[in-house]
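*Asks:* Dumping the structure here so I can ask a few things about it.
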Amino acid sequence: MTKKAFLIDMDGVLLYGDRALPGAKEFIERLQKKDYKFLILTNNSRYTPFDLQHRMARAGIELEAQHFFSSAMATAYFVDSQKPRGSAFILGGTGLYQALSEVGYSLTDYNPDFVILGEMESYSYDKIVQACRLVMSGVPFIATNPDVSGPGEGGIVPACGAVAALLEKASGYAPYFVGKPNPLILRLALRHIDEHSENAIMVGDRMDTDIKVGLESGLKTILVLSGVTRREDVSQFPYRPNQIMSSVAEIEV
């Protein structure tokens, strides 16, 4: 393979819960040994890069925090490009708070420039009401990612996209989603590592987010079957990945 940069989804590609998938550790080690540029890309905005680093370390994969890029970071870069050093009312976790603080955003419920929704452990009803009223008053509404559910203790739990739907229904205003499958997150991730789309590969386990966003961003795409997608599912989509592999263990670098 001609040397490429890699954007790699985390869950279903490298990890399954808190366990590393077969071949994941060796794949990352090959990228590190051969000095490839790569980012672990996640739509989950709740965690900081250091949180994600510790999660991977617990699974036996050692990485520096600089190798992680989340929808929280992409959202922070986006709003900073729209209104530098602005203000925001936030419903989200530590990852979103940190990312916005790092670009100089102030966090407020008084006349904010944006209402920003992300992932968090527990959504306060009072804050949902407050966000709804701000959006109805004309404050632009942004959400980090459209995922409607995700894994939690004891099973699946509602995620950012589900709460965004609630706010949209109540306020009458739809959010702008920054995370996958919006190509914006890939462009921001590539800028983060100073790379170009023609020299990058998107590796993921979902046709509707990972492969779609890679295709629409001009990247080569690799679908791995270690997550939610089965080989027979691919024919249901009007687009195809460039390659289909059982897992990242098959990716030669």
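The values are calculated or read from the model by the stated rules, or taken from the named source; none is laboratory data. This one's a predicted model, so the numbers in the text were calculated from it and none came from an experiment. Cβ placement follows ideal geometry from the backbone for every residue including glycine, while neighbour counts extend to all protein chains displayed.
*Asks:* Looking only at the range 190-208, which residues are surrounded by fewer than 23 Cβ atoms within 10 Å (Cβ to Cβ) and of a type in the set (A, V, I, L, M)?
*Replies:* L190, I193, I201, M207, listed by residue number.
*Asks:* Hey, another quick one. In the range 209-225, what count of residues is obtained for those that are in a loop (DSSP other than H, G, I, E, B), touching a residue at least 24 places away in the same chain (Cβ under 8 Å) and surrounded by fewer than 23 Cβ atoms within 10 Å (Cβ to Cβ)?
*Replies:* So the answer is 1.
*Asks:* Restricting to the range 159-183, give me the number of residues that are touching a helix residue (DSSP H, G or I) at 6+ places or on another chain (Cβ under 9 Å) and farther than 15 Å from T42 by Cβ.
*Replies:* 12
*Asks:* Would you check if there is a residue in the range 242-252 being within 17 Å of the chain's Cα centre (by Cα) and either surrounded by fewer than 21 Cβ atoms within 10 Å (Cβ to Cβ) or modelled with pLDDT under 95 (or both)?
*Replies:* So far as the range 242-252 goes, no, none of its residues is within 17 Å of the chain's Cα centre (by Cα) and either surrounded by fewer than 21 Cβ atoms within 10 Å (Cβ to Cβ) or modelled with pLDDT under 95 (or both).
*Asks:* What do you reckon, is D11 crowded, with 17+ Cβ neighbours inside 10 Å and either farther than 30 Å from M136 by Cβ or modelled with pLDDT under 95 (or both)?
*Replies:* Answer is yes for this residue.
*Asks:* Might you let me know whether the range 156-179 holds any residue that is touching a strand residue (DSSP E or B) at 6+ places or on another chain (Cβ under 6 Å), more than 20 Å from G93 (Cβ to Cβ), of a type outside the set (G, A, S) and modelled with pLDDT of 95 or more?
*Replies:* Scanning the range 156-179, I find at least one residue that is touching a strand residue (DSSP E or B) at 6+ places or on another chain (Cβ under 6 Å), more than 20 Å from G93 (Cβ to Cβ), of a type outside the set (G, A, S) and modelled with pLDDT of 95 or more, so the answer is yes.
*Asks:* Only one of K25, K83, K3 is over 30 Å from V129 (Cβ atoms) and either at pLDDT 95 or above or within 19 Å of the chain's Cα centre (by Cα) (or both). Can you tell me which?
*Replies:* None of the others qualify; the one that does is K25.
*Asks:* Which of the strands (runs of 3 or more DSSP E) found entirely inside the range 137-188 contain at least 1 residues meeting this: in contact with a Pro (Cβ under 8 Å, 6 or more places away or on another chain), more than 19 Å from I211 (Cβ to Cβ) and touching a residue at least 12 places away in the same chain (Cβ under 8 Å)?
*Replies:* 141-143, 149-152
*Asks:* Next question, about the same structure. Taking the range 60-85 only, how many residues are outside any helix (DSSP H, G or I) and not hydrophobic (A, V, I, L, M, F, W, C)?
*Replies:* Adding up the residues that qualify gives 7.
*Asks:* Kindly provide the set of residues from the range 1-44 that are outside any loop (DSSP other than H, G, I, E, B), touching a strand residue (DSSP E or B) at 6+ places or on another chain (Cβ under 9 Å) and small (G, A, S), ordered by number.
*Replies:* A5, A24
*Asks:* Of all residues in the range 95-115, which are crowded, with 17+ Cβ neighbours inside 10 Å and either in contact with a Pro (Cβ under 6 Å, 6 or more places away or on another chain) or within 18 Å of P49 (Cα to Cα) (or both)?
*Replies:* G95, L96, Y97, Q98, A99, L100, V103, F114
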